[in-house]
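Colleague: Take a look at the following structure, please.
Just so you know, all these numbers are worked out from the coordinates, no wet-lab data involved. The shown structure was predicted, so the numbers you read here are calculated from the model rather than taken from an experiment. When we count neighbours, we look across all protein chains shown, and the Cβ atoms used for this are built from the backbone with ideal geometry, even at glycine.
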Amino acid sequence: MFFLHNLERRVTLHPSYFGRNMHDLVTTKLVKDVEGTCSGDYYIIAIMDTFDLSEGRILPGSGLAEFTVRYRAVVWRPFKGEVVDAIVYTVNAHGFFAQAGPLRLFVSSHLIPDEIQYDANATPPQFTNNADMVIEPGTHVRVRIIGLRTEVGEMWAIGSINGDFLGCLQA
Amino acid sequence: MSDQNHAPTSRSKPPPPGEEEAGATLKLGEFEDVESLTLSEASLVINALMTKRKKDRKDRNETEVLNKTLDYLDAFARFKQKENVEAVERLLSGRKELTKFERAQIGSLCCDTADECKTLIPSLADKISDYDLQELLDEMAKLMSN
């Protein structure tokens, strides 16, 4: 789920940058440091604007100026139990991997309905119910997130298509 | 000596993770009242931001996360025209009985029937009647890429 979240961060600026464009430089440094990172719970996609740049405070001993910046950013926060659309990119006998924006999802074969079986002989290998549903790299699927795992800088999710209205998306 | 105000000697415990979920009841943690965006709205916002940065000739800072997100939104955003996105936003914000999260989910998943919508978003079950929800979905379907 995408959110417009207000966040706060401390940015330091080297004394060689003290001058006319300090606010712009702080904003640029913020953007470079924060955009595209995963804070553990959510991904920060893009920073919209900063709205509260504090006065710079010189850190004793290093001479760097520290600014506390409040800013608004578009963040992507997946929740357990949420239904998301994703694109399949790898299929193997244990299940398939799908990508929903920056998040990688794995749907295990245990969480795939019984009528959809793995077909290793097809090119490319796919999950199919031999009727209208085929899951192969590039397929759009609707997945419910069952579990999330976070590690520094990245998130992984386990998903399920075992439920009504989940699975392949027609069109 | 004992009544001096010392700084706390241990930092406070971070809020326990793993309790947030979007099941039959919504427990969103720090995102409880944060403005949520449907896929189409997010696509509009991010693309507008990129165009503005390009116009100001600033570095667009195309991180891998950003590119993956843009590709994802291009594939799944249902409402491509700005007017349609705004119309959907007006339709959804009229529904005060739903939380921001639920409204954004409805706008992103674009279900055909009220039953499908309530199955995919379990927290909706008691908040809105099937009839009202179906009416909302039909209005949205009319605005979809026409």
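Colleague: Relative contact order (percent) for segment A:2-76, with alpha-carbon contacts under 8 angstrom and 6 or more residues of separation?
Modeller: Relative contact order here is 46 percent.
Colleague: Just tell me how shielded B:68-80 is by partners: mean number of partner chain Cβ atoms within 10 Å of each residue's Cβ, no decimals.
Modeller: Shielding by partners across B:68-80 averages 4.
Colleague: Treat each spin label as a single point 7 Å out from the Cα along the C-beta direction, and report the B:Ser93 to B:Thr25 distance in nm.
Modeller: Simple spin-label model gives 3.0 nm for this pair.
Colleague: Then there is this: How large is the direction-averaged shadow of the alpha-carbon convex hull of the protein assembly as shown, in nm²?
Modeller: 22.4 nm²
Colleague: What average count of beta carbons from other chains do you get within 10 Å of the Cβ of residues in A:78-89?
Modeller: Other-chain Cβ atoms within 10 Å of each residue's Cβ, averaged: 6.
Colleague: Mind checking which lysines have their C-alpha under 30 Å from B:Lys58, skipping anything on the same chain fewer than 8 residues away?
Modeller: Counting by Cα, and skipping residues close in sequence, B:Lys58 has these lysines nearby: A:Lys29, A:Lys32, B:Lys68, B:Lys80, B:Lys82.
Colleague: Along the three principal axes, how long is segment A:88-171 when you take its alpha carbons, biggest first, rounded to the nearest angstrom?
Modeller: The Cα atoms of segment A:88-171 stretch 41, 27, 25 Å along their principal axes.
Colleague: If you don't mind, another one. Over chain B, with a single point scatterer placed on each C-alpha, what log10 of the ratio I(q)/I(0) does the Debye formula yield at q = 0.09, 0.10 1/Å?
Modeller: The calculated log intensity ratios at q = 0.09, 0.10 Å⁻¹ are -0.41, -0.48.
Colleague: Using only alpha carbon pairs under 8 Å that are at least six residues apart, calculate the relative contact order of chain B and give it in whole percent.
Modeller: 29 percent
Colleague: Using the crude model of +1 on Lys and Arg Cβ and -1 on Asp and Glu Cβ, and no other charge, please compute the dipole size for segment A:83-168 relative to its Cα centre, in debye to 20.
Modeller: My answer is approximately 240 debye.
Colleague: Now for a different question. State whether chain A is rounded, prolate or oblate according to the following rule on the C-alpha gyration tensor (a ≥ b ≥ c being the square roots of its eigenvalues): a/c under 1.5 gives rounded; otherwise a/b larger than b/c gives prolate, and the remaining case gives oblate.
Modeller: Judged from the Cα gyration tensor, chain A comes out prolate (a/c at least 1.5, a/b above b/c).
Colleague: Which is the longest run of chain A containing none of the GluC sites (Glu not before Pro) found in DSSP loop states (not H, G, I, E, B) with at most 14 other C-beta atoms within 10 Å?
Modeller: Within chain A, the longest run free of exposed GluC sites (Glu not before Pro) spans A:56-114.
Colleague: Okay, next question. Note down the relative contact order for chain A as a percent, whole number, built from C-alpha pairs under 8 angstrom at least six residues apart.
Modeller: Relative CO of chain A lands at 21 percent.
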